[in-house]
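These notes concern the structure reproduced below.
Computed from the coordinates by the stated procedures, all read-outs in this text should not be read as laboratory data. Values in this document were obtained by computation on a predicted structure and should not be read as measured data. Every residue, glycine among them, receives a Cβ derived from its backbone with ideal geometry; neighbour counts consider all protein chains shown.
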Ligand code: NAD
Ligand code: UGA
């Protein structure tokens with residue numbers, strides 16, 4: 001039986017390994033993490049993360065060929081294939097702060113693998129990393145182990161949160177990069193065999209290591225660029241009377257452009273788009289390519305512009321002042337069907353409104369009050385560096401309340417901001433909401449969920 005171990009039981013490690021265990025009953029999969037609380041949650045009835053379909057997959061294989069454990073050394077040492085799916089956040093200090101990827105977690109994972117390995121291993125980069133990270137990892141592994149041979153593969157993950165299980169069951173592609181040597185090719189084949197249990201062979205792409213590493217950053221940059229393009233267009237639509245949904249539909253009808261990922265919004269969020277583009281920008285700068293770096297930087301600038309444009313629109317529409325006005329925020333997660341709030345545009349919007357002294361009442365079906373308060377008290381990029389957590393500022397506590405449903409949040413509010421496209425917001429009784437609000441009542445729909453005709 002092939003033994004697999006994954007370091008990092010987060011949004012990627014958990015679902016990815018659960019699906020491998022489900023699809024490959026002949027593979028033993030152990031997911032380990034330095035956080036005991038996370039492993040406990042994976043072993044409980046309430047899993048560490050909310051993801052549609054995940055409970056069912058985990059229930060089918062947990063205890064059979066899927067284990068969640070804190071005994072990192074034992075399971076890494078016994079594994080034939082070790083996945084590394086640890087966080088790779090943006091550096092907050094030192095060289096490249098605010099742009100470069102912080103590989104501290106990755107490096108400590110690699111050193112641990114080298115320390116405990118007693119047999120040859122394939123080490124798989126699952127985390128998103130700067131191009132040529134595999135070279136550094138190879139050096140760490142080979143200089144710290146005793147005659148054991150390691151093959152490094154890059155196997156970036158393309159799942160999106162909220163649809164992770166669907167994406168893993170039926171991926172557009174699986175990408176595996178390896179060394180172009182006999183041993184490298186053999187390692188690529190071994191990993192390919194795992195995916196071939198359920199992924200059609202023509203969707204499993206193999207490349208060299210650097211292409212695989214860079215393709216992941218490129219894919220996220222291209223996706224985010226589409227959103228910034230349509231969001232930039234939304235500003236012009238608002239200035240000219242064009243309807244951005246109609247423009248996006250007409251543009252996306254061209255089969256060379258395609259219809260997906262052209263929804264104008266309050267801005268993209270999530271743990272990866274911004275982080276990965278900043279990382280790409282830094283790599284371009286380090287390679288003496290300032291024009292290329294500036295091109296990609298613009299994707300982030302437009303995203304920041306879109307978020308502040310939204311706040312400005314709210315304040316200016318409400319007669320240039322929101323001081324002491326109650327504003328209901330519907331949706332705090334960075335997209336629907338997840339409880340994840342990392343880099344959610346709601347944080348910037350709420351901070352902007354709080355800066356103008358609004359009182360905000362927030363409702364999100366999957367985000368706890370604790371999480372919201374922590375997010376609003378944190379500095380940029382600190383969410384992935386738990387040691388730097390800042391205490392909640394007293395002003396923010398006073399001005400922010402969390403409601404148990406949308407109607408409660410909207411009661412007595414002067415305005416509503418819809419910041420996540422949860423399905424339930426499409427079918428709310430907006431007449432009831434309007435009647436419970438202060439007049440004139442405003443709705444700022446950052447996700448195009450309300451149909452103004454109905
Ligand atoms: P996450 O923060 O949810 O999970 C990472 C986990 O790694 C944490 O539980 C942390 O405790 C653990 N960890 C850190 N150092 C460790 C170590 N040395 N040994 C064992 N465990 C350790 O992060 P995530 O969202 O799962 O992302 C992981 C990587 O995958 C990142 O590089 C990210 O860019 C990439 N990625 C994420 C997504 C996504 O949708 N979240 C999609 C594709 C790729
Ligand atoms: C994204 C990519 O889609 C995944 O392929 C990738 O693996 C992942 O990043 C990663 O590397 O972490 P994710 O961030 O989970 O996945 O979710 P997306 O569906 O891409 O949405 C990202 C943000 O863009 C959300 O805030 C979403 O609301 C916003 N968005 C998306 C728009 O504003 N408009 C759109 O048309 C699409």
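Summary of values
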{"quantity": "Helix 290-317 axis, angle to the chain major axis (alpha carbon atoms, nearest 10°)", "calculated": "30"}
{"quantity": "Mean Cβ count within 10 Å, highest first, over the residues of peptides 122-131, 370-379", "calculated": "122-131, 370-379"}
{"quantity": "Rounded to 5, the percent of DSSP beta bridges in the chain classed as antiparallel", "calculated": "5"}
{"quantity": "Label-to-label distance, nm, for residues given as residue 378 and residue 298 (7 Å Cα→Cβ offset)", "calculated": "3.1"}
{"quantity": "For region 218-445: rounded, prolate or oblate by the Cα gyration tensor [a/c cutoff 1.5]", "calculated": "oblate"}
{"quantity": "Acute angle (nearest 10 degrees) that the helix 133-144 long axis makes with the longest principal axis of the chain, alpha-carbon atoms", "calculated": "40"}
{"quantity": "Cβ crowding within 10 Å averaged over residues, with 81-92, 285-296 ranked highest first", "calculated": "81-92, 285-296"}
{"quantity": "Folded to 0 to 90 degrees: helix 345-355 orientation relative to the chain principal axis, Cα", "calculated": "40"}
{"quantity": "Cα centroid separation - region 243-309 against region 138-215, whole Å", "calculated": "27"}
{"quantity": "Mean residue ellipticity (222 nm) of the chain, computed from DSSP H runs ≥ 4 via -39,500 (n - 2.57), nearest 500", "calculated": "-13500 deg cm²/dmol"}
{"quantity": "Principal axis box of the chain, alpha-carbon based, largest edge first, Å", "calculated": "74, 47, 43"}
{"quantity": "Where N is the number of residues in region 2-212, Cα Rg divided by 2.2 N^0.38 Å", "calculated": "0.96"}
{"quantity": "Computed E for residue 357/residue 185 - FRET, C-beta separation, R0 51 angstrom, nearest 0.05", "calculated": "0.25"}
{"quantity": "Calculated FRET value between residue 286 and residue 431, using beta carbons and R₀ = 51 Å, to 0.05", "calculated": "0.35"}
{"quantity": "Relative packing of peptides 325-338, 147-160 - highest average C-beta neighbours within 10 Å first", "calculated": "325-338, 147-160"}
{"quantity": "Region 2-212: antiparallel DSSP beta bridges as a percent of all, rounded to 5", "calculated": "5"}
{"quantity": "Inter-probe distance in nm under a simple model that places probes 7 Å from Cα toward Cβ, at residue 251 and residue 218", "calculated": "2.2"}
